[in-house]
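Down below is the structure, laid out as structure tokens.
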Amino acid sequence: MFKNFKQKNCGVFREFGFWVLELFRVSDLGFRNSSKGVSLLLVVVILSALMSTSIGIFNVVFGQIKISGEISDSFYAFYAADQGLERTLYRDRMLEAVCQGIQGSNCFIEEKTIASRACFIVFVSKSEGNTNIISSGQYRCGDNPPRIVKRGFQVGY
């Protein structure tokens, strides 16, 4: 049955459509029709395939967990920027306490840390009746945070 399967041609076997160089003959080493290590080799190949698959799945899951943590940090920074903007709009439009009698770029700057380990910084510029407010929120403020997420708003009226 296997007589035509392996065709010898100048020291080269043709198996399954691929050409493989014959480096040594198994019969030359004294192993004649022995299958004593095949099951161990099969187990090692299957375990390495399973390990490769599980490492790939772990990398995908770990990346998704990291992204979900960044999304929650983004919300904290977003709400900090919103709080800074709302505070400044209230002060400017209701109390008229922002840039009183001062015109120009960055006539009012406020920086504040809020309770959720987030902070915001607000810059107000006024010129010829136009007001421009830039509010930037940041999550994990302080000295050398491990990861920083910033979100911001810009309002002009």
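Report those strands (runs of 3 or more DSSP E) wholly inside the range 80-157 carrying at least 2 residues which are within 17 Å of E70 (Cα to Cα).
So the answer is 118-127, 130-139, 149-156.
Look through the range 96-111, keep the residues that are aliphatic (A, V, I, L, M) and closer than 19 Å to A81 by Cα, and return whichever of them is surrounded by the fewest Cβ atoms within 10 Å (Cβ to Cβ).
Among those residues, the one meeting the criterion is I109.
Could you say whether any residue in the range 45-56 is at pLDDT below 95 and among the small types (G, A, S)?
no
For the range 112-133, which residues satisfy the criterion of being under 15 Å from F153 (Cα atoms) and either surrounded by fewer than 15 Cβ atoms within 10 Å (Cβ to Cβ) or not hydrophobic (A, V, I, L, M, F, W, C) (or both)?
Result: S125, T131, N132.
Any residue in the range 111-126 that's charged (D, E, K, R): show its pairings with residues that are modelled with pLDDT under 90 at Cβ separation under 7 Å, as long as the two are six or more apart or on different chains.
Matching pairs, first to second residue: R117/R140; R117/C141; K126/C99; K126/Q103; K126/C107.
Report, by residue number, each residue of the range 134-157 that is buried (at least 19 other Cβ atoms within 10 Å of the Cβ) and aliphatic (A, V, I, L, M).
Selection gives I134, V149.
Testing G69 on (1) assigned to a helix (DSSP H, G or I); (2) under 30 Å from F153 (Cα atoms); (3) at pLDDT 90 or above, one condition comes back false. Which one is that?
Here G69 meets the rest and fails (3).
The values are calculated or read from the model by the stated rules, or taken from the named source; none is laboratory data. From a predicted model like this one, the values you see are computed outputs, not experimental measurements. Glycine also receives a Cβ, built like all others from the backbone with ideal geometry; neighbour counts cover every protein chain displayed.
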